[in-house]
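Trainee: The structure follows.
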Amino acid sequence: MEIPQIINFKHTNSEKGLLAFAENSIKLPFELQRVYWITQVSDDVVRGGHAHYTSMQVIVCVRGSVEVQLEDMTGQRFDFTLSDPTQGLYIPKLCWGAMKFKNDALLVGLASDLYQEKDYIRDRAVFDALQRKYKHV
Ligand code: T46
């Protein structure tokens, strides 16, 4: 089972500003199929609250900061604070995630799949049952 981890993107930084980039299959651990972005999230909102059956993501906080809590199939928990636009967080499939946006954060998500609602596990009881199954295999 893969674990969530930080990816460092190539970047240039000068008096003209910062430019960072990710190339398909080079820094990304999958072939990119979809890009989404999320902003205008109030500080008191928790996004996420789901896992994906097959979709893998790399999320990048390009402004502000995002606190991310993840839990994998083994029950292991991971905490990250993303605030560096040269870094992405790789989220493997079957990880339950919760995200809090701070300081007018802007998050860009890079995903391995096209959007499909049926790829979501939104019911925590379903995720718990999958964890139990995983732990007993
Ligand atoms: C993750 C965090 C950071 C679409 O129609 N297309 C899309 O590409 C996406 C991502 C979402 N949607 C629809 C589906 C829902 O009706 O937008 C609504 C909210 O989506 P979701 O529940 O996925 O939003 P978040 O912020 O809870 O989660 C997303 C990613 O799914 C998730 O993998 O890491 O952003």
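Trainee: Let me confirm something: among ASP113, ASP84, which residue is closer than 15 Å to GLN5 by Cβ and part of a loop (DSSP other than H, G, I, E, B)?
Mentor: ASP84 is the lone residue from the list that is closer than 15 Å to GLN5 by Cβ and part of a loop (DSSP other than H, G, I, E, B).
Trainee: Has the stretch 67-81 got any residue that is in a loop (DSSP other than H, G, I, E, B), modelled with pLDDT of 95 or more and surrounded by 18 or more Cβ atoms within 10 Å (Cβ to Cβ)?
Mentor: Among the residues of the stretch 67-81, at least one is in a loop (DSSP other than H, G, I, E, B), modelled with pLDDT of 95 or more and surrounded by 18 or more Cβ atoms within 10 Å (Cβ to Cβ), which makes the answer yes.
Trainee: Suppose we filter the stretch 52-67 for residues that are touching a Leu at 6+ places or on another chain (Cβ under 6 Å) and within 15 Å of LEU89 (Cβ to Cβ); how many remain?
Mentor: Residues that pass the stated criteria total 5.
Trainee: Can I ask one more? Under 18 Å from PHE101 (Cα atoms), in contact (Cβ under 8 Å) with a residue 40 or more places away in the chain, in a strand (DSSP E or B) and more than 12 Å from the ligand (Cβ to nearest atom): which single residue out of ARG47, ARG63 fits that description?
Mentor: ARG63
The values are calculated or read from the model by the stated rules, or taken from the named source; none is laboratory data. Note that the coordinates shown come from a computational prediction; the quantities given were computed from them, not determined experimentally. Ideal geometry is used to build each Cβ from the backbone, glycine not excepted, and the neighbour counts take in all protein chains shown.
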